[in-house]
Amino acid sequence: MKVTVDADRCRGHGVCLTLCPEVFAINADGYAEVLLAEIPDDLEDAVAETISACPEQAIVPE
């Protein structure tokens with residue numbers, strides 16, 4: 001599984017970081033970024049929850 005953050009949609013709410021800090025971070029500009037190129041199997045459920053919880057629907061599965 002791979003995901004990206006749509007920079008045009010992200011507003012820096014930080015929900016992704018709260019739900020899955022192993023995969024997401026907030027960059028110096030205050031927006032989300034993905035830390036891992038490939039999501040490990042044991043984090044896929046957390047990432048799926050994060051995708052659903054993003055208020056701007058900015059996390060996009062590839």
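The values are calculated or read from the model by the stated rules, or taken from the named source; none is laboratory data. This structure is a prediction, so every number in the text was calculated from the model and none was measured. Cβ atoms come from the backbone with ideal geometry, glycine included; neighbour counts cover every protein chain shown. The accessibility values were calculated without ligands, DNA or RNA, using every heavy atom of the protein model including side chains. Shrake-Rupley method; radii C 1.70, N 1.55, O 1.52, S 1.80 Å.
In the stretch 12-26, the residues that are among the β-branched types (V, I, T) form Cβ pairs under 8 Å with partners that are part of a loop (DSSP other than H, G, I, E, B), at six or more places apart or across chains, as follows: V15/C54; V15/P55; V23/L35; V23/L36; V23/I39; I26/G12; I26/G14. Only a single criterion out of (1) at positive phi; (2) of a type outside the set (S, T, Y); (3) not in a loop (DSSP other than H, G, I, E, B) is not satisfied by V60, namely (1).
Conditions (1) open to solvent by less than 80 Å² (accessible area, probe 1.4 Å); (2) part of a strand (DSSP E or B); (3) without any contact (Cβ under 8 Å) to a residue 24 or more places away in the chain; (4) not basic (K, R), marked per residue:
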residue: T4; (1), (2), (3), (4): yes, yes, no, yes
residue: R9; (1), (2), (3), (4): no, no, no, no
residue: G30; (1), (2), (3), (4): yes, no, yes, yes
residue: D42; (1), (2), (3), (4): no, no, yes, yes
residue: A46; (1), (2), (3), (4): yes, no, no, yes
residue: E56; (1), (2), (3), (4): yes, no, no, yes
